[in-house]
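S.K.: Below you will find the structure I want to go over with you.
The values are calculated or read from the model by the stated rules, or taken from the named source; none is laboratory data. If you're wondering where the values come from, they're calculated on a predicted model, not measured in any experiment. Please note: Cβ atoms are built from the backbone with ideal geometry, for glycine as well, and neighbour counts cover all protein chains shown. Side chains are part of the model used for accessible areas, which takes the heavy atoms of the whole protein and leaves out ligands, DNA and RNA. Shrake-Rupley method; radii C 1.70, N 1.55, O 1.52, S 1.80 Å.
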Amino acid sequence: MAAKVNVAEKLGVNKFHTDEHNSHIDVDMEYPDKNEIDRVVRVCPASVYSVDENGVFFFEYLGCLECGSCKALSEGKLIKAWNYPSGTLGIEYRLG
Amino acid sequence: MSEEKFDCIIVGGGLAGLTAAYVLAGAGLDTLLVEKGNYSGAKNMTGGRLYGHSLERLIPGFAESAPVERRIVKERFSRGADGELTTMEYDNAGLSAPEGESYAVLRGVFDRWLADRAEEQGAMLVYGVRVDDLLVQDGKVCGVIAGVEEMEADTVILADGVNSLLAQKLGYKPVLRPDQAAVGVKELLGLSEEAINQRFDVDSGKGVAWIFNGCGDVYDGFLYTNKDSVSVGVTMMLEDIDKTENSVPQMLEDFKNSPQIAPLLEGGRLLEYSAHLIPEGGVGMLPQLYGDGVLIAGDAAALCANLGFTLRGMDLAVESGRLAAETVLAAKEQGDFSAQTLSAYQAVLSDSFVMACMKGEAACRAAVKADNCKDDPLGVFNGLMSEAGIR
């Protein structure tokens with residue numbers, strides 16, 4: 001189907017208490033398996049993971065919705081460790 | 001925080017945890033609930049529809065004062081692909097007794113209301129604190145650890161949600177597998193109350209729950225009417241990411257833009273974008289539900305049933321929270337918090353609608369298998385309605 005999703009725009013309406021200094025997800029940025037990276041990129045509702053046109057892998061945890069999909073799919077592979085952000089921090093659903 | 005020892009510490013301020021807190025504090029127990037978000041519901045989302053019966057039992061007539069969005073009077077079940085859609089509608093004309101009702105809810109709003117009720121009963125609710133681990137001595141759970149702080153209790157109820165890292169740390173639950181959980185992603189779109197009434201053919205206060213089965217290659221869709229917003233989203237079993245080249249956020253976009261859905265959402269303003277995992281492993285996924293000094297309830301216990309035409313988790317969370325609390329009350333009376341005493345929880349849960357619902361899931365799943373639907377959609381719907389059994 002036509003319309004390409006713009007996740008950043010959607011995340012923009014959400015309320016986050018961002019933890020600028022500590023990522024709650026530990027990602028293996030050198031992970032060699034492109035296929036594994038691709039499935040994590042595609043499963044994440046928040047586009048926390050992305051690969052640019054040059055094939056460079058990016059990870060930006062600040063927009064994470066804390067669902068745990070990447071953990072369930074790839075813990076022990078691309079995902080080295082996953083925890084919730086510290087208390088008070090992360091996504092805050094006003095409506096839910 | 002004080003040096004006192006609590007009768008019970010509850011981890012997680014969602015529906016299971018809040019219900020447990022409500023029951024325990026109401027019976028006079030010294031009850032502490034710890035939630036990592038800044039308020040109850042801050043980390044929670046639902047499609048979503050709450051079947052009221054289990055909360056009705058706890059707080060009769062709750063919907064009169066609780067912030068429910070709309071009472072569900074119509075449920076629609078659609079099958080389709082490639083721009084074609086077959087829809088069946090069940091209309092109860094709003095005739096149900098309160099215990100038969102269901103409601104569209106928004107958890108960020110609804111959970112705060114239930115939290116206020118639990119506080120009224122005397123529960124102590126602490127927000128913004130992430131529990132990192134459990135205090136375990138000689139194999140018995142005897143409190144929680146948050147940062148450098150330790151808090152002790154005779155019993156701990158884990159109601160920390162689908163990922164329940166604490167139940168995993170205890171060894172009660174293996175790591176969630178991709179064939180045991182679906183990812184749900186949702187947009188909340190603001191529309192006027194009048195527009196919703198007109199587009200969905202309902203009166204104010206009454207609403208629609210709508211499940212779209214097999215609409216995408218690997219995802220299902222859902223749509224629920226709130227008072228002046230619509231919840232629209234998709235779910236996909238995590239393992240199915242390997243059967244598609246699409247991304248989950250794009251699936252939602254595709255679903256929203258499908259010819260039957262787009263007109264219903266026209267002019268809707270995005271209010272929030274949310275995502276969550278849904279435990280869908282059925283009875284085979286249930287963790288160890290109790291141990292020395294500890295009980296597990298709600299999503300943390302994987303108590304969620306996908307019945308094909310509807311998805312139930314919140315009423316199961318409420319009921320399991322209540323049953324866990326009652327088990328703790330009985331243990332308190334005996335002064336014995338051993339696994340043996342707390343095993344009563346498993347027994348009452350097995351006799352309750354919760355386990356009946358969980359067992360119904362397997363039959364319903366079989367009924368919605370794609371090939372059945374193609375040949376005999378009406379038979380599938382009838383099968384679902386009867387297999388589901390519990391309304």
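S.K.: Taking strands (runs of 3 or more DSSP E) that do not extend beyond region B:193-287, which have at least 1 residues that are within 11 Å of another protein chain (Cβ to nearest Cβ) and surrounded by 18 or more Cβ atoms within 10 Å (Cβ to Cβ)?
M.R.: Those strands (runs of 3 or more DSSP E) span B:229-237, B:269-279.
S.K.: Could you go through region A:2-10 and let me know if any residue there is over 12 Å from the mean Cα position of the chain (by Cα), closer than 22 Å to B:Phe255 by Cβ, surrounded by 20 or more Cβ atoms within 10 Å (Cβ to Cβ) and facing chain B (nearest Cβ under 8 Å).
M.R.: Within region A:2-10 (the criterion being over 12 Å from the mean Cα position of the chain (by Cα), closer than 22 Å to B:Phe255 by Cβ, surrounded by 20 or more Cβ atoms within 10 Å (Cβ to Cβ) and facing chain B (nearest Cβ under 8 Å)), the answer is yes, since at least one residue qualifies.
S.K.: Another one. Taking into account only those residues within region B:104-131 that are within 14 Å of chain A (Cβ to nearest Cβ) and in a strand (DSSP E or B), which is least open to solvent (accessible area, probe 1.4 Å)?
M.R.: Restricting to residues being within 14 Å of chain A (Cβ to nearest Cβ) and in a strand (DSSP E or B), the top hit is B:Ala104.
S.K.: Looking at region B:295-306, can you tell me whether even one residue there is among the β-branched types (Val, Ile, Thr) and at pLDDT below 75?
M.R.: no
S.K.: Next up: So which residues in region A:39-67 are open to solvent by less than 50 Å² (accessible area, probe 1.4 Å) and at positive phi, if there are any at all?
M.R.: Scanning region A:39-67 gives A:Gly55, A:Glu66.
S.K.: Filter region A:73-96 down to the residues that are open to solvent by 10 Å² or more (accessible area, probe 1.4 Å) and either without any contact (Cβ under 8 Å) to a residue 12 or more places away in the chain or basic (Lys, Arg) (or both) and list them by number.
M.R.: A:Glu75, A:Gly76, A:Lys77, A:Lys80, A:Gly87, A:Arg94, A:Leu95
S.K.: Okay, moving on. Being touching a residue at least 40 places away in the same chain (Cβ under 8 Å), more than 18 Å from B:Asn163 (Cα to Cα) and in contact with a His (Cβ under 8 Å, 6 or more places away or on another chain): is that true of B:Asp315 here?
M.R.: So B:Asp315 passes the test.
S.K.: Got at least one residue in region B:241-254 being at negative phi and within 15 Å of the chain's Cα centre (by Cα)?
M.R.: no
S.K.: Would you call B:Glu3 more than 26 Å from B:Lys186 (Cα to Cα) and modelled with pLDDT of 95 or more?
M.R.: Considered against the rule, which asks whether it is more than 26 Å from B:Lys186 (Cα to Cα) and modelled with pLDDT of 95 or more, B:Glu3 comes out as no.
S.K.: Continuing with the same structure: Is it fair to say B:Gly47 is touching a residue at least 40 places away in the same chain (Cβ under 8 Å), on the phi < 0 side of the Ramachandran plot, surrounded by 15 or more Cβ atoms within 10 Å (Cβ to Cβ) and in contact with a Phe, Trp or Tyr (Cβ under 7 Å, 6 or more places away or on another chain)?
M.R.: It is true that B:Gly47 is touching a residue at least 40 places away in the same chain (Cβ under 8 Å), on the phi < 0 side of the Ramachandran plot, surrounded by 15 or more Cβ atoms within 10 Å (Cβ to Cβ) and in contact with a Phe, Trp or Tyr (Cβ under 7 Å, 6 or more places away or on another chain).
S.K.: Something else now. Please go through region B:39-51 and pick out each residue that is at pLDDT below 95 and in contact with a Gly (Cβ under 8 Å, 6 or more places away or on another chain).
M.R.: Passing the criteria: only B:Gly47.
S.K.: Hey, another quick one. Condition test on A:Gly87, is it at the interface with another protein chain (Cβ under 9 Å from one of its Cβ atoms) and farther than 28 Å from B:Phe255 by Cβ?
M.R.: When the stated conditions are applied, A:Gly87 passes them.
S.K.: Looking at B:Gly190, B:Gly147, B:Gly171, B:Gly161 in this structure, which one is within 13 Å of another protein chain (Cβ to nearest Cβ), on the phi > 0 side of the Ramachandran plot and surrounded by fewer than 22 Cβ atoms within 10 Å (Cβ to Cβ)?
M.R.: B:Gly147
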